[in-house]
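The structure appears right after this line, and notes come after that.
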Amino acid sequence: MSFSTDPGRTQLSPTRMKKLPILALLLWLCALFYVAIFLFVSGFLLVRLEVNRTSTCGDVLLPGGREHGDFCQGQPRFRRAVLLIIDALKIDFARFDPANKEPRPFENKLPVLEEMTSSKPSHARLFPFRADPPTTTMQRIKGFTTGSLPTFIDMGNNFASSAILEDNLVHQLGEVGKRVVFMGDDTWESLFPKKFHRSLPFPSFNVKDLHTVDNGILQHLYNTMVGDDWDVLLAHFLGVDHCGHRFGPDHPAMAEKLTQMDEVIRSVVDRLQDDTLLVVMGDHGMTDTGDHGGESQRETDAAIFLYSPSPLFPEPSSQSDPEVVPQTDLVPTLALLLGIPIPYSSVGQVLLPLFPAHRHTAGAPAGLSQAEALWINAKQVNRFLETYSSMAKDIPPDSLSRLQADFSRLSSEYLSMVNEGRLPSPELVASLQRYLTSVRDTCRATWARFNPAKMAAGIAVLACACVLCYVLSEMSSALVREPRLLRAPLLTAAAVGVCVVAGQLVVQGYAEGSWCLAAAALSSEVLVLWRTRQTRKSNAAEGRGWLTLPDFFMTPAFLVLLLRCASLLSDSYVIAEGRVVTFLLFSLSLYIPFRLNWDGFLVPPVHDPLKHAGLLPSPGLSPSAVRRESAAVLAGLGLLVASLYLSLSFHGCREEQGSCQPSPFLWPLSRVQDSRVKNLHYVLSLASLGAWSYTLRRWLRHYGNLNSPGVAVFTARWILPLLSVCLGLHWAVAATPDDSFRNLAELIALGQRALPMAAFALLGLGLALLSLDPLTVFIKTRAAAPVRSSASPPPPRYRASTGISPQAELHHLIPQLYQRMRRSLEEGEPARVPEGEGRPAVEAYGLGTVYSAPLVLLVGLLGLGLLLLHPEGMALSFLLMMLEMGAMLQIHASSVTLNNQQGARLDGFAVSWTPLVLWSLASTQFFHATGHLPTFPSIQWAAAFVGFPGGHTGTMLPATLVTLNTFASHILFAVACPLLLFWPLVCEVRGGRGGRGGGEDGDDNAIMEMRLREVPQQFSSALLQLSIRYLFISGAQVFASVCAAAILRRHLMVWKVFAPKLMFEASGFLVSSVFVLVGVTLVMRVDVAVGRWFQRLLPDVSR
């Protein structure tokens, strides 16, 4: 709909903004990217093939010298075993240094281990216990119960643990009738359902709870040990791990936890019997910040302590003892010590120091010798290797042949020695060890079973989706004019998908959904590209072109995007991504004023008096306006550079960055021990929070969007500040140490639950009200002079102002249908109303920012909600993010004004590529500036418990909260993306001699965002083009990450750098695309509300 300054031309346009076609097209493009990501990931991150076979007692046959029979019927070395699993027991925590007189909180807190190993060397030893990544609890439990190597994608199951189907220690213990009693981390209950003789699980996911699980174990542990209804006792303590997540290892709370564990170990040792084995171990380590999940040595190196009241180690400690014990080696070792078969899929190696060199060595404990244990182990591993290689073809044939030849040679040599009655030689023992090590290394190197076909299909669909985004963005006008352009290709694609399903059912008997999606996606892409080619030919025949490749591919914006994508193929650049993106963002932002100056737009043109004035084109801006806009560009650039520089203070550190020190703002205030520093950080956070709310309200007030009695204005006036107050109070309560204000402990606990929940409720209410009625326009009616004519009066005339005061109105007067009304305000004289124009004049406050105001308010609300999920110190980073957004918007608006000095814009309202590339780079830059990294250990798990200190019953809600925390910057920049379309109109300059954006008026009034309603097709086209271009830029980066993972899938750093980067890049795209749709939907909701508003004001014209 449109209206003009001439009363006689005040009418509603017959055309409207194309809403459903735009949303449908964007949803289809997003679906293409989703399908492509799914296809590639399903081919790249496949879980290794699980061999669902189990070992039996009859499989363990000892050749020669012993009667063949059931291995499980023999007398085991140990009748009972106690496994104390101290989650995140890092090897540094277990070591004791008597020379360290000033130990840190995590040092020298487990002296019992040193006392036992030094006083009873044949009974106890301590080893580093190395885990295979990923170092998350569920995968580690799988590792040291099955003896297998969990793959990368299993990390996602840490939220929703599924039952272990492979053969494992718990299953084998149950098969031979041993009673397994478990207590502790409830993850075990989901991994081994109905496998325990007795189970006492406790909730484990609340990382802020240091004591519930541990205290629950201690209530039952000692009573269970003195009883006789158990054979194997499993106790999984979580306090050390949760303390690391909450406070880090270098905190007094860690000293308390480790001291408690020291007392637990002493108490357990006192209750052990001679036929009982004690294993104290950690499942993984932790970083200096208390996190884990990756593959740095700090995360992989845990501790394992072995002890028995009876002699456990036949030989004294020597250099032949292993420096590090792989976690997989625990499985065959425990199996043979307890007299059960080694689980079928284990690739571990028995721990030789626990077995005597020869069975009949004087003083050696009863049981297997080293050669016998290695033989049983090697035969089990070879059996698994043969079975696995027959089912999966991913092990290289040459490696498989070599391993099979080695086993045949070793088997013949061992059998001949046994049959001849000779003792196995040390060389044979060493050869068996080397064979087992080779099998494990081979499996580790080839465990990821890639599916090249799915990977190629994913890359193809993703590449076509990127090409389509570019092509469709260049023909957005044609898409708006012809909304049915995509109907036939989409219907055809659906038919192709159905045909593929039918074909699979006929040929295979089942349908695989991934190939159906691939066929449908590729066919729809090819058909749409063909249709666009036809459209291009018809446009060329009519003399209209729409696809101009050099417009983008020959610009600095494309060069910067290309460099950004190329950097994703280098592990060094991925590791330093935060600074790389900051540099690219800074470089591209500098290009804008340099280009303006090169084109002569940054300074006013110099008038040549020698030339006749009529021969020169009339400039679009006055010299003062040019100087003002140039100053705005330079000021915005200065603010942008300052924000970039300060944001570097909030970056985290990767393990590969050596000397890097993480920002102190990343620590929650509860971890800060210095009260002065804590108070300073809290005051700074409160100041940043206040500045965030004040800036938003100040902008809305400046443009007259706080005058309406509507619910959107109510949200801005009341909900926004109340939400800020809740955040400030929540930070104060959360920063209170646990050991202070003990008499107020219940009140503090209530505040930790109630304040975040109140903030969530306010946020939900604000978002609901904003979606219900997003208008922030205030109507004011004034009576004009009486009318003498009896003729039918014309429709009312409107103008929109920004404030109640006349001075404020004069700054932002927009669609002003009565010129005399403004003149009366400016000169203080009553307007002379011509005859027949005596209808009341209507003033609409805030109409000039009717689209951008709800978006700004939405960004403000979402920003506060996302800030709630971050540490308090991130408040300043969020404020810098908002300032950087404003700086980029101002640079963009002023550069548009300066670039169009010579008159109306030729490209309508289209947003060029440069600001969009800047916008996308800024979202990635602030991903790092909010303390995040594309690594799993950097995930801020504490976000899952904001408002839920007692934990969760399900996994969906905590996973959602962690996702919102991780991709906060992607969310804010994506939902605010339409502001790039509106901001040049918001900042329209008065005093120019030409309109902007195709307006027909020749007056000097800036009508701001109402220009969009005058040309709804251009509005629809610009909004569609903006969204598609943003998807293209984000999708191109996903495509680069996909190519890096595919090309470098055998690279040394693939699982440490490229695979995590792919997961974060793909997840970031999914989140960004969803919130781009949210922003576009809000714009359309506002447009519908504005249309209804005009219909109420102009009932006669509406009809």
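The values are calculated or read from the model by the stated rules, or taken from the named source; none is laboratory data. These numbers come from a predicted model, not from an experiment. With ideal geometry, Cβ positions are generated from the backbone for all residues, glycine too; neighbour counts draw on all protein chains shown. Areas reflect the complete protein model, heavy atoms only, side chains present, ligands, DNA and RNA absent. Shrake-Rupley method; radii C 1.70, N 1.55, O 1.52, S 1.80 Å.
Closer than 30 Å to residue 121 by Cβ and among the hydroxyl-bearing types (Ser, Thr, Tyr): is that true of residue 401 in this structure?
Against the criterion (closer than 30 Å to residue 121 by Cβ and among the hydroxyl-bearing types (Ser, Thr, Tyr)), residue 401 does not qualify.
Among the numbered criteria (1) at pLDDT below 85; (2) within 30 Å of the chain's Cα centre (by Cα); (3) of a type outside the set (Ser, Thr, Tyr), which one does residue 611 miss?
With respect to (1) at pLDDT below 85; (2) within 30 Å of the chain's Cα centre (by Cα); (3) of a type outside the set (Ser, Thr, Tyr), residue 611 is out only on (2).
I need the full set of residues from segment 697-739 which are closer than 22 Å to residue 1090 by Cα, at pLDDT below 90 and among the β-branched types (Val, Ile, Thr), in order please.
Of everything in segment 697-739, nothing turns out to be closer than 22 Å to residue 1090 by Cα, at pLDDT below 90 and among the β-branched types (Val, Ile, Thr).
Going residue by residue through segment 459-477, is there one that turns out to be in contact (Cβ under 8 Å) with a residue 24 or more places away in the chain and among the charged types (D, E, K, R)?
Taking every residue of segment 459-477 in turn, at least one turns out to be in contact (Cβ under 8 Å) with a residue 24 or more places away in the chain and among the charged types (D, E, K, R).
With respect to the numbered conditions (1) outside any helix (DSSP H, G or I); (2) among the aliphatic types (A, V, I, L, M); (3) closer than 22 Å to residue 944 by Cα, which one is the sole condition not fulfilled by residue 754?
Only one criterion is unmet by residue 754, namely (1).
Which condition from (1) open to solvent by 10 Å² or more (accessible area, probe 1.4 Å); (2) part of a strand (DSSP E or B) is the one that residue 304 breaks?
Looking at each condition in turn, residue 304 falls short on (1).
Looking at segment 1047-1057, which of its residues are open to solvent by 10 Å² or more (accessible area, probe 1.4 Å) and part of a helix (DSSP H, G or I)?
Across segment 1047-1057, the qualifying residues are 1047, 1055, 1056.
Of all residues in segment 650-684, which are under 30 Å from residue 1058 (Cα atoms), outside any helix (DSSP H, G or I) and either open to solvent by 70 Å² or more (accessible area, probe 1.4 Å) or modelled with pLDDT of 75 or more (or both)?
Let us first name the residues in segment 650-684 that are under 30 Å from residue 1058 (Cα atoms), namely 650-668.
This time we only want the ones that are outside any helix (DSSP H, G or I), so: 651-654, 658-663, 667-668.
Residues satisfying the conditions are 651, 652, 653, 654, 659, 660, 661, 662, 663, 667, 668.
Restricted to segment 928-937, and to residues that are open to solvent by 10 Å² or more (accessible area, probe 1.4 Å) and among the hydrophobic types (A, V, I, L, M, F, W, C), which residue is modelled with the highest pLDDT?
933
Select the helices (runs of 4 or more DSSP H) contained entirely in segment 9-121, then report the ones holding at least 3 residues which are under 42 Å from the mean Cα position of the chain (by Cα) and modelled with pLDDT under 90.
Fully inside segment 9-121 and qualifying: 20-44.
Looking only at segment 403-429, which residues are open to solvent by less than 30 Å² (accessible area, probe 1.4 Å) and closer than 25 Å to residue 443 by Cβ?
Once the filter is applied, which keeps residues that are open to solvent by less than 30 Å² (accessible area, probe 1.4 Å) and closer than 25 Å to residue 443 by Cβ, segment 403-429 yields 403, 407, 410, 411, 414, 428, 429.
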